[in-house]
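A short write-up of the structure that comes next.
The values are calculated or read from the model by the stated rules, or taken from the named source; none is laboratory data. Quick caveat: nothing in here was measured; it's all calculated off a predicted structure. Cβ sites come from the backbone with ideal geometry, for glycine too, and all protein chains shown count toward neighbours. Please note that ligands, DNA and RNA were not included when accessible areas were found on the heavy atoms of the full protein model with its side chains. Shrake-Rupley method; radii C 1.70, N 1.55, O 1.52, S 1.80 Å.
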Amino acid sequence: MTTPVIAIDGPTASGKGTVAAAVAKALGFHYLDSGALYRLVGLRAAETGTPLDDGQALARLAATLRPRFEDGRITLDGRDMTDAIRTEEASRLSSRVAVHAPVRQALLDLQRSFRRPPGLVADGRDMGTVVFPDATLKVFLTASVEARADRRYKQLIGKGFPATLTALLQDLRERDERDSKRAVAPLKPAEDAYRLDSSRLAIEEVVATILHWYAMTAAG
Ligand code: CDP
């Protein structure tokens, strides 16, 4: 039997991260935050002065990435990057490096190595379409752009980061556009994905819905 995977994809600030972590916890599964990998590549590119349009050079950075995910913290080469990857600058950098096919290719094995018993919940843009096309359950989580900007605003302010709603709305729209229009692995629901609009749902309701779908699929 192959190790089950729940793939949760969707646009920025749709709540994927929180929901995926909660679903993983409820099932005792591992959790892969694939966006964190693109964020780390983006930050490392900025640090090393690697041009954001040089897909091959960025892919070399991505291929040597050995992040550690432990107790909700992310470390890279001994440095705690948990907060650094959540800044708006890191968000912008991540979606710039993510457009390159060689970068995406370089991260494939690393992402798949998270698939270990008893199971994996993976969140991102292409979990159900490219990385785990045989996922047990695929969910495409959306929310209106206003609901998403509002959530991101509260999240940033809550962490003590400066933020304005207008700037966030603009950033969300730009990233949505870049993520959906790119040639490789664009953001789109897998054909067999269950779609869920979370604009008016509490996190607990979204988590409960996904757990219900998974129970049905697993019993299937
Ligand atoms: O939390 P948020 O949805 O804003 O971002 P994220 O999931 O951490 O992803 C950051 C960026 O990485 C996205 O804007 C995408 O451009 C890229 N990404 C991707 O291309 N493929 C993935 N599987 C995950 C993220």
In the range 46-96, the residues that are farther than 19 Å from D33 by Cβ, part of a loop (DSSP other than H, G, I, E, B) and within 13 Å of the ligand (Cβ to nearest atom): L52
Failed condition for A21, given (1) touching a helix residue (DSSP H, G or I) at 6+ places or on another chain (Cβ under 9 Å); (2) farther than 19 Å from R79 by Cβ: (1)
Per-region count, the range 199-212, residues among the small types (G, A, S) and either part of a helix (DSSP H, G or I) or at pLDDT 95 or above (or both): 1
Some residue of the range 173-186 being on the phi < 0 side of the Ramachandran plot, part of a strand (DSSP E or B) and small (G, A, S): no
P11 vs. criteria near the ligand (Cβ under 10 Å from one of its atoms) and either part of a loop (DSSP other than H, G, I, E, B) or free of Cβ contacts under 8 Å to residues at least 40 places away in the same chain (or both): yes
Some residue of the range 80-94 being among the hydroxyl-bearing types (S, T, Y) and within 21 Å of P186 (Cα to Cα): yes
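The rows are residues; the columns are (1) over 23 Å from K188 (Cα atoms); (2) open to solvent by less than 70 Å² (accessible area, probe 1.4 Å).
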| residue | (1), (2) |
| --- | --- |
| L52 | yes, yes |
| G78 | yes, no |
| Q105 | no, no |
| F114 | no, yes |
Residues (open to solvent by 60 Å² or more (accessible area, probe 1.4 Å) and either of a type in the set (A, V, I, L, M) or part of a helix (DSSP H, G or I) (or both)) located in the range 154-164: K154, Q155, I157, G158
Matching residues, the range 18-45, being within 11 Å of the ligand (Cβ to nearest atom), more than 18 Å from L108 (Cα to Cα) and crowded, with 20+ Cβ neighbours inside 10 Å: A20
Out of A183, A143, A149, A167, sole residue that is more than 16 Å from the chain's Cα centre (by Cα), at pLDDT below 95 and buried (at least 18 other Cβ atoms within 10 Å of the Cβ): A149
Lone qualifier among V121, V99 - being outside any helix (DSSP H, G or I), farther than 26 Å from R60 by Cβ and either within 13 Å of the ligand (Cβ to nearest atom) or open to solvent by less than 10 Å² (accessible area, probe 1.4 Å) (or both): V121
Boolean, D134 is more than 12 Å from the ligand (Cβ to nearest atom), open to solvent by 30 Å² or more (accessible area, probe 1.4 Å) and over 30 Å from M216 (Cβ atoms): no
Top-ranked residue of the range 187-201 - restricted to ones that are of a type in the set (G, A, S) and more than 14 Å from A13 (Cα to Cα), ranked as surrounded by the fewest Cβ atoms within 10 Å (Cβ to Cβ): A190
